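Colleague: Submitted below is the structure of interest, expressed as structure tokens.
The values are calculated or read from the model by the stated rules, or taken from the named source; none is laboratory data. Just so it is clear, the structure is predicted and the values come from calculations on it, not from any experiment. We place every Cβ from the backbone using ideal geometry, glycine too, and count neighbours over all the protein chains shown. What goes into the accessible areas is simple: the full protein's heavy atoms, side chains included, and nothing from ligands, DNA or RNA. Shrake-Rupley method; radii C 1.70, N 1.55, O 1.52, S 1.80 Å.
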Amino acid sequence: MSDAFEDEDDTGRRRALSNARVLGFIARFWLRRKGLFIAGVGLTLLAIAFDLALPWASGKLIDTVSRGPAALPSAWSAWAWFVGVYLGFSLIRNLAMRFWIPLAARNMEEMTNEGYVRVQAFSSDWHADSFAGATVRKLTRAMWGYDSVTDAVTIWLAPSLIVLVGLSVMLLLRQPMAGIVALVVVAAYVTVNVVVTTRYVRPANLRSNALDSKIGASLADAVTSNPTVKSFGAEARESVRVAEVTAAWREAVMVTWHKFTNVWLGQNLLLVVLQGGLTAAMIHAWSQGQATPGDVAFAITAFMLMSGYLRNMGENIRMLQKGLDDTEDLAAWEHLAPQIADAPGAPDFQPSTGPGGHGRIVFEDVTFRYKAAGAPLYDHFSLTIAPGERVALVGPTGSGKSTFVKLVQRLHDLQGGRIVIDGQDVAGVTQGSLRRAIAVVPQDPALFHRSLRDNIAYGRPDATDAEVIAAATKARAHDFILKLPQGYDTLVGERGIKLSGGERQRVAIARAFLTDAPILVLDEATSSLDVETEGQVQEAAEALMAGRTTIVIAHRLSTVRGADRILVFQNGRVVEEGRHGELKAAGGVYARLNAVSEGVG
Ligand code: ATP
Ligand code: MG
């Protein structure tokens, strides 16, 4: 098994929430729809009352019948009660379900929606550290966990407990010995089940669940990288990787299931004790002349009811534990702060409307270090970019160019200093409004598996078709789009895989045109396009840069030549800055970098 999977998926890393906390998380959903919940509980309790009356009705029937044929009219009335009680129980229980159904369906819907909102709010670090497949699995599993827990608790366990205690008390009043046996067995049954399930079964079950998430993770990872798998002819190797994970899951789940089955055996043995104890107590009472046939019928009916409920209870404690564990990840996310949070009451970012124009970016004494890294990448770094300025970032790989952009977007928080755009600290405005003010054309744009139209309009979903076409035209994308069989309705494949690299770039540029943000970030592709496409992308980018503050992570000579200022990065510091000509003449780092690229170009 690969180390890559040994992150927070494995139960060792994160301490699981207690059962009580997971149950609390679920119970808060029940209380969201108090009307439905109260109706469900009320009707369930009423059904229980009918169920509890069954031994009484059967005892009464037997006692009446044992009085001989003379009692026929009362026998029929006792019969009517006996049948009526069961009919009442069934109808009311069924009615209760009509309230449980909408409660469950709506809560499951909301749980998934809200879980997804949380997942989206987690930082890019969190997403970089998580497997998409595992996240999806955890989200969908939680919803069914809710269903199991709710069914187990509200429909089965709580009613069972009431019935069992109620029957024991009724027995106690009628036949003290039998009642005591029943109470002791029920108490032992419940205690043993709760203790054994949480201490003995739960750890194994959590481990199986972690491996279940891992199956999702490794499948999604391999499926999304299928082009790579194919190009290396590595299908067999990938199948083996998945098979290793499923084998680990199989081993873990067998342990879990065996444990559940052991518990089940214990439950049945306790039932035998109950059966033996109850009937022995009744034989004893009968031998002493203290029990009528009706009493015996009462006790036997009570045992049959109790054993039915107890057996059910064993099964439902299993369901409950499984459901709680299935929901545990989602419940834990509720306690996981999104590492990058909006300040309370933070206003939206407002581009400056002053005479100086908008898009002034100021780094004030910024210190930043990646969580995983030892030393800070940026150490007391200061820089000002003027409104409308076109700045090119150059420098060796790993020097901090992409990080610069991520900090402007506030994808990470700083350890010191601040970044101010148009007079507003990026940490003091809402993240959404900040990022909507920054259009990013990434190096290798990933598109959605949606139509080209939707992809282009992603920054402004309300854009008209004419606006989409205008943006695509400016981005030199319109012509190639028209040549596609479905034009703007063409689906581009996951991550845009059905388009060429140059086409994807132009779609991303069209998208940035429509977004019309005051700040533009262009991460130039390092991959070389053919001369004609390269020219088209270049023209499109030039048009896009006009009138905006632009940060270009530059790989092309033409870009750096056209820049107002070039910042030469090395180890998170700007070691040189100036125009192309000046820097070239200075004979420093830039001149050396430039000599290489000119030599190649
Ligand atoms: P390139 O030209 O190759 O794109 P770059 O200048 O854009 O390089 P950055 O991506 O900013 O470089 O990375 C700067 C340094 O920070 C590198 O040493 C990189 O390994 C490190 N780094 C980047 N992202 C992370 C991360 N999420 N966690 C830890 N370290 C990171
Ligand atoms: Mg980079």
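Colleague: Any idea which residue in the range 402-432 is farthest from ligand 2 (Cβ to nearest atom), counting only those that are open to solvent by less than 20 Å² (accessible area, probe 1.4 Å) and assigned to a loop (DSSP other than H, G, I, E, B)?
Modeller: Among residues in the range 402-432 that are open to solvent by less than 20 Å² (accessible area, probe 1.4 Å) and assigned to a loop (DSSP other than H, G, I, E, B), the one farthest from ligand 2 (Cβ to nearest atom) is Val429.
Colleague: With respect to Leu383, is the statement that it is surrounded by 13 or more Cβ atoms within 10 Å (Cβ to Cβ) and within 16 Å of ligand 2 (Cβ to nearest atom) true?
Modeller: Numbers: surrounded by 13 or more Cβ atoms within 10 Å (Cβ to Cβ): yes; within 16 Å of ligand 2 (Cβ to nearest atom): no.
Against the criterion (surrounded by 13 or more Cβ atoms within 10 Å (Cβ to Cβ) and within 16 Å of ligand 2 (Cβ to nearest atom)), Leu383 does not qualify.
Conditions tested, residue by residue: (1) without any contact (Cβ under 8 Å) to a residue 12 or more places away in the chain; (2) farther than 30 Å from Ser307 by Cβ; (3) open to solvent by 50 Å² or more (accessible area, probe 1.4 Å).
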residue: Ser123; (1), (2), (3): no, yes, no
residue: Ala134; (1), (2), (3): no, yes, no
residue: Thr140; (1), (2), (3): no, yes, yes
residue: Trp156; (1), (2), (3): no, no, yes
residue: Gly166; (1), (2), (3): no, no, no
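Colleague: In the list Pro347, Pro355, which residue meets the criterion of being open to solvent by 60 Å² or more (accessible area, probe 1.4 Å), modelled with pLDDT of 90 or more and assigned to a loop (DSSP other than H, G, I, E, B)? Walk me through how you get there before you give the answer.
Modeller: Working: Pro355 fails: modelled with pLDDT of 90 or more.
Matching residue, one of Pro347, Pro355: Pro347.
Colleague: Considering every residue within the range 433-440, establish whether at least one is open to solvent by less than 40 Å² (accessible area, probe 1.4 Å), in contact (Cβ under 8 Å) with a residue 40 or more places away in the chain, among the β-branched types (Val, Ile, Thr) and within 16 Å of ligand 1 (Cβ to nearest atom).
Modeller: Initial filter on the range 433-440 (open to solvent by less than 40 Å² (accessible area, probe 1.4 Å)): 433-434, 437-439.
From what is left, the residues that are in contact (Cβ under 8 Å) with a residue 40 or more places away in the chain are 433-434, 437-439.
Narrowing the set further to residues that are among the β-branched types (Val, Ile, Thr) leaves 438.
In the following step, the residues that additionally are within 16 Å of ligand 1 (Cβ to nearest atom) were identified as none.
No, that holds for no residue.
Colleague: Does Ala248 satisfy the condition of being part of a helix (DSSP H, G or I), open to solvent by less than 40 Å² (accessible area, probe 1.4 Å) and not polar (S, T, N, Q)?
Modeller: yes
Colleague: Looking at Trp264, Trp333, can you tell me which residue is open to solvent by 40 Å² or more (accessible area, probe 1.4 Å) and assigned to a helix (DSSP H, G or I)? Can you show your working first?
Modeller: Values: Trp333 fails: open to solvent by 40 Å² or more (accessible area, probe 1.4 Å).
Exactly one of Trp264, Trp333 is open to solvent by 40 Å² or more (accessible area, probe 1.4 Å) and assigned to a helix (DSSP H, G or I), namely Trp264.
Colleague: Let me ask something else about it. Would you pick out the residues in the range 283-318 that are more than 50 Å from the chain's Cα centre (by Cα), open to solvent by 10 Å² or more (accessible area, probe 1.4 Å) and of a type outside the set (Ser, Thr, Tyr)?
Modeller: Scanning the range 283-318 gives Ile283, His284, Trp286, Gln288, Gly289, Gln290, Ala291, Pro293, Asp295, Val296, Ala297.
Colleague: Residues in the range 413-426: is at least one within 14 Å of ligand 1 (Cβ to nearest atom) and either in contact with a helix residue (DSSP H, G or I) (Cβ under 6 Å, 6 or more places away or on another chain) or free of Cβ contacts under 8 Å to residues at least 12 places away in the same chain (or both)?
Modeller: Step one: list which residues in the range 413-426 are within 14 Å of ligand 1 (Cβ to nearest atom), which gives 413, 415.
Narrowing further to those that are either in contact with a helix residue (DSSP H, G or I) (Cβ under 6 Å, 6 or more places away or on another chain) or free of Cβ contacts under 8 Å to residues at least 12 places away in the same chain (or both): none.
No, that holds for no residue.
Colleague: Looking only at helices (runs of 4 or more DSSP H) that fall completely inside the range 447-521, which ones have 3 or more residues that are open to solvent by 20 Å² or more (accessible area, probe 1.4 Å)? Please lay out each step first, then the result.
Modeller: Working: elements: 452-456, 465-474, 478-483, 501-515.
Answer list for the range 447-521: 465-474, 478-483, 501-515.
Colleague: Out of everything in the range 172-208 that is more than 28 Å from the chain's Cα centre (by Cα) and small (Gly, Ala, Ser), what residue ends up being most open to solvent (accessible area, probe 1.4 Å)?
Modeller: Among them, the one singled out is Ala187.
Colleague: Would you confirm, using the coordinates I've provided, whether Asp342 is assigned by TED's automatic domain parsing to the domain that holds Val589, of a type in the set (Asp, Glu) and touching a residue at least 40 places away in the same chain (Cβ under 8 Å)?
Modeller: Details: assigned by TED's automatic domain parsing to the domain that holds Val589: no; of a type in the set (Asp, Glu): yes; touching a residue at least 40 places away in the same chain (Cβ under 8 Å): yes.
Against the criterion (assigned by TED's automatic domain parsing to the domain that holds Val589, of a type in the set (Asp, Glu) and touching a residue at least 40 places away in the same chain (Cβ under 8 Å)), Asp342 does not qualify.
Colleague: If we keep just the residues of the range 558-574 that are within 16 Å of ligand 1 (Cβ to nearest atom) and assigned to a helix (DSSP H, G or I), which is farthest from Leu383 (Cα to Cα)? So that I can check it myself, show each step before the final result.
Modeller: If we filter the range 558-574 for residues that are within 16 Å of ligand 1 (Cβ to nearest atom), which is where we start, we get 559-560, 566-574.
Subset that is assigned to a helix (DSSP H, G or I): 559-560.
Details: Thr559: 21, Val560: 19 Å.
Ranking the candidates gives Thr559 first.
Colleague: Please enumerate the residues belonging to the range 92-144 that are of a type in the set (S, T, N, Q) and within 16 Å of ligand 2 (Cβ to nearest atom). Please lay out each step first, then the result.
Modeller: Applying the first criterion (of a type in the set (S, T, N, Q)) to the range 92-144 yields 94, 107, 112-113, 120, 123-124, 130, 135, 140.
Result: Ser124, single match.
Colleague: Okay, moving on. Just a yes or no: is a residue in the range 523-539 at pLDDT 75 or above and of a type in the set (A, V, I, L, M)?
Modeller: No, the range 523-539 contains no residue that is at pLDDT 75 or above and of a type in the set (A, V, I, L, M).
Colleague: Tell me yes or no: at least one residue of the range 501-511 is at pLDDT 85 or above, of a type in the set (Val, Ile, Thr) and over 30 Å from Ser382 (Cα atoms).
Modeller: Yes: one or more hits.
Colleague: Still on this structure: In the range 477-516, how many are within 19 Å of His449 (Cβ to Cβ), free of Cβ contacts under 8 Å to residues at least 60 places away in the same chain and not charged (D, E, K, R)?
Modeller: 16
Colleague: Collect the residues in the range 382-408 that are free of Cβ contacts under 8 Å to residues at least 60 places away in the same chain and either assigned by TED's automatic domain parsing to the domain that holds Ala121 or not small (Gly, Ala, Ser) (or both), keeping them in residue-number order. Show your work before the answer.
Modeller: Filtering the range 382-408 down to residues free of Cβ contacts under 8 Å to residues at least 60 places away in the same chain leaves 382, 384, 397-398, 407.
The answer is Thr384, Thr397, Leu407.
Colleague: Determine whether the range 525-534 contains at least one residue that is in the same structural domain as Asp422 (by TED's automatic domain parsing), open to solvent by 50 Å² or more (accessible area, probe 1.4 Å), among the β-branched types (Val, Ile, Thr) and assigned to a loop (DSSP other than H, G, I, E, B).
Modeller: yes
Colleague: Looking only at residues that are open to solvent by less than 60 Å² (accessible area, probe 1.4 Å) and of a type in the set (S, T, N, Q) in the range 267-282, which one is nearest to Asn193 (Cα to Cα)? Give the derivation first.
Modeller: We begin by selecting, within the range 267-282, every residue open to solvent by less than 60 Å² (accessible area, probe 1.4 Å); these are 267-268, 270-271, 274, 276-278, 280-282.
Going one step further and asking which of them are of a type in the set (S, T, N, Q), we end up with 267-268.
On the way: Gln267: 8, Asn268: 12 Å.
Step by step, filter the range 267-282, then rank; the result is Gln267.
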